[in-house]
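Peer 1: For reference, the structure I am asking about is given below.
Just so it is clear, none of the values below were taken in a lab; they were calculated from the coordinates. Here the structure is a predicted model, which means the values were calculated and not measured. Ideal geometry is used to build each Cβ from the backbone, glycine not excepted, and the neighbour counts take in all protein chains shown.
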Amino acid sequence: MLNFRLAYCNITSTFNTMQQSKPQKPKSREWLRPLWLLTTVGWSVALSLIIPTAIGYWVDQPAQLNRQPLFTLVGFGVGTLVAFFTLYRLLHQFYNEQKEKNKEEVKKQQ
């Protein structure tokens, strides 16, 4: 009976040591934020380029103004400007959020 108790104590102490050495899991939704940012950036840039270019292409058709490729290029230029502005705004917002998060983590560590 004594050997059984010693074996049980050894197993439980080993189990407790294993539990203590496990790294903490990150928050379940923490990894979604960068993924969501990349998805948002991709779609916003794609749509910012496609929509004005398509409108310019439609205006360039013979039934409209028949000025090929003038308005297609103008639409592409406008889309490029909108895409860069949107990209800058999204990345700046993400940078500020990460900066605030790092400040909070430093305060918690101190």
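Peer 1: Scan segment 36-110 for chymotrypsin sites (Phe, Trp or Tyr not before Pro) in coil per DSSP, keeping those whose Cβ has at most 11 other Cβ atoms within 10 Å, and list them by number. The partial results should precede the final answer.
Peer 2: On the way: sites: W36, W43, Y57, W58, F71, F76, F84, F85, Y88, F94, Y95; in loops: none.
Qualifying residues, ordered by number: none.
Peer 1: For labels at K108 and F85 in the simple 7 Å Cα→Cβ model, what's the distance in nm?
Peer 2: So the label points at K108 and F85 sit 3.7 nm apart.
Peer 1: Given points 7 Å out from each Cα along the Cα-Cβ axis, report the E30 to R67 separation in nanometres with one decimal.
Peer 2: 5.5
Peer 1: With the contact rule set at Cα under 8 Å and sequence spacing of 6 or more, what percent relative contact order holds for segment 30-109?
Peer 2: On the way: 66 pairs, mean separation 23.9, N = 80.
It comes to 30 percent, rounded to a whole number.
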